[in-house]
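Visitor: To start, I am sharing the structure in question, which I have written as structure tokens.
Please treat every number below as a calculation from the coordinates, not as lab data. What you see is a predicted model; the values in this text were computed from it and never measured. No Cβ is skipped: glycine too gets one built from the backbone with ideal geometry, and neighbour counts run over all protein chains shown.
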Amino acid sequence: MDFFFEETPISHSNQNKERDEDPGMVEDPQACLSRDDTDETSSCSPNDISRRVQELVEKIHDRRTSDQKEIESFQQSLVEKVTEVCQQMKQDLYTVYEENSSDMHVKLMELTNVLEMCTKLHRELLEASQVLASLQDGLAVSGTAEPVTG
């Protein structure tokens, strides 16, 4: 059986780590400046740094929230697909059960016929045996034959 999923969001930890790291955050003292800031001579104020850090934290939080939503969506898709496959397997099993039941019914009917034939032949054999025993007893009484010991 082949399983295909329309959307399979797969994230690797290295990809997430790289995505969470902002290239503007480096060890350079001028890195605290906004990317839009064209004046490279201005200094970073604590408020600018704080604001920038807060933005980065919010950005990381938003990305992680998005990741969680993707995982939950994938999990839901997976549950739905597994449920669908299990239902199909049940249907296939019931089909096999029905086919086997039909085959067994045919075989049981054949067995019933054979057993009925065996019972009939057994009765006929018993009747023939009784007739032969009666003949043998009749002949033994008249003295012309010796009884057979078995």
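Visitor: May I ask for the net charge around Val131, where only other residues with Cβ less than 15 Å from the Cβ of Val131 are counted and Lys, Arg are +1 while Asp, Glu are -1?
Guide: It works out to a net charge of -2.
Visitor: Would you list which lysines come within 28 Å of Lys69, measuring only between C-alpha atoms, while excluding same-chain residues fewer than 8 positions from it?
Guide: Lys69 reaches Lys17, Lys59, Lys81.
Visitor: Among Leu121, Thr65, His105, which residue has its Cα furthest toward the positive end of the charge dipole of segment 57-135, with +1 on Lys/Arg Cβ and -1 on Asp/Glu Cβ?
Guide: Ranked along the dipole, the leading option is Thr65.
Visitor: Report the full-extension gain for the segment Leu93 to Val141: residue separation times 0.36 nm, less the Cα-Cα distance, to one decimal in nm.
Guide: 10.3 nm
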